[in-house]
Amino acid sequence: LKVPKRPVGLVLRAISVRFPKIFGVMNPQRWRNAILRDWRVLKLAPGEHRGDLDLVKQAVQQNGHSLGFALSSACEDKHLVLEAIQGYGSALQYASPELRGDKQVVLEAVAKDGLALQFASVALRDDVDVVMAAVQQNGMALSFASAKLRGNRDVVLTALERNGMALGVATQDFRSDRDAVRIAMRNNVQSLRLANPELLREPGIILEALSCNGNAMQLAPLQLRADRDFVRQAAARNVWSLGFASAELRRDRGFILDCMAQNNMALEFAAQELREDPSFLLEAAAADSSPRRCQYLRSFTASPTVRSSMDQNARFAPRTWTKEDSAASRRRRSNAANLMAVSSSPSLGLAGASTVRRTTETRSR
């Protein structure tokens, strides 16, 4: 029968609670051997061992947080503190106040863990070099910088590149800064919730966010989610955005057919009455009789009534993909690409997108 090995530190901790007198018979060599096997034993060791720099160093090499069990005299040793933060930047919290104000030590700590900035001295949290190093490792370290540096443009933009949610701890003026908001949403689209609501009314901001995540559509105001041209451009960038379009648009037969020309999956976000309407599915097949469209429509529904109607229509019969089908598919993809190109052009905007859409529809005919 094999007895599972348990960490020495946990065993000794249990013994210290149940049999406290047993520690009186442990000689220094036994303590040393126990600490070398498990750094957690240092917490239970007598003061003479917790102040032994060589022994504490051995424990620190196992785990930097063992510095927290050492005596204050050991926490004043710069080399020992540097050894501890090599593994865990947060071990800076155990260093003496003098070392937490030492720029070299703090730079080593924040390079390992940017959030260790919270343990630095007040003066170093106002130091550009230290704060920049911290936000380069973790953007949320900006929350521990001084108020002055939370308004420093270079520092804030660097933090946003690492973590878009750092927009919430930067000074208020960055929430209305278009460049800062764009950088933040490319990292995390949810950072748009922290932006000035006025920016969310701009179609360009939402369309750019949709290129990263289709769920960004839910952050758009109701007016934009009900705008046909805007939602069409949004669907061209990310079809999942249709799930947040207004109910009127998702019930609009013509609009859903237009979106399906870009991506057949648009049907999945249509209103339920459209998805279950046999006449609409047949109309979608008539608009694009390619095998891919027809097979998608047939596999989309599980209703026997709808499938029966499809089976009676020759469009849904299996057939071979032809060159004409390939050409038609390329035209549809080209039309969708044109819409996306126009949506990203600030000089044309939504009105220009409508013009290009009408032009591409005419060419496809």
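For segment 196-211, the residues whose backbone nitrogen is under 17 Å from a point 7 Å from the Cα of S176, taken along Cα to Cβ, are 196-202. Expressed in units of 2.2 N^0.38 Å, where N is the residue count, the Cα radius of gyration of segment 106-180 is 0.97. Ordered from largest to smallest accessible area (heavy atoms of protein chains, 1.4 Å probe), the residues K323, K148, K57, K43 come out as K323, K148, K43, K57.
Bridging of K148 to aspartates and glutamates at a Cα separation below 19 Å is possible for D126, D127, D129, D173, D177, once same-chain residues fewer than 8 apart are set aside. For the pair segment 260-293 / segment 44-115, the C-alpha centres are spaced 65 Å from each other. When the Cα atoms of segment 137-294 are aligned to their principal axes, the ranges along those axes come out at 64, 29, 20 Å in descending order.
Between the beta carbons of A286 and R186, assuming R0 = 41 Å, the FRET efficiency works out to 0.50 to the nearest 0.05.
In this simple spin-label model, placing a label point 7 Å from the Cα along the Cα-to-Cβ direction at both Q29 and A247 gives a separation of 8.3 nm. Give the calculated FRET efficiency between E48 and V122 to the nearest 0.05, with a Förster radius of 35 Å applied to their Cβ-Cβ distance. Efficiency, rounded to the nearest 0.05: 0.50. Placing R0 at 56 angstrom, the Cβ-Cβ distance between A147 and Q58 gives a FRET efficiency of 0.85 after rounding to 0.05. Across the alpha-carbon atoms of segment 141-228, the computed radius of gyration and Dmax are 13.1, 46 angstrom. If you wrap the tightest convex hull around every Cα atom of segment 71-139 and split its volume per residue, you get 63 Å³.
The values are calculated or read from the model by the stated rules, or taken from the named source; none is laboratory data. What you are looking at is a predicted structure, and each value in this text was computed from that prediction instead of being measured. Glycine also receives a Cβ, built like all others from the backbone with ideal geometry; neighbour counts cover every protein chain displayed. Side chains are part of the model used for accessible areas, which takes the heavy atoms of the whole protein and leaves out ligands, DNA and RNA. Shrake-Rupley method; radii C 1.70, N 1.55, O 1.52, S 1.80 Å.
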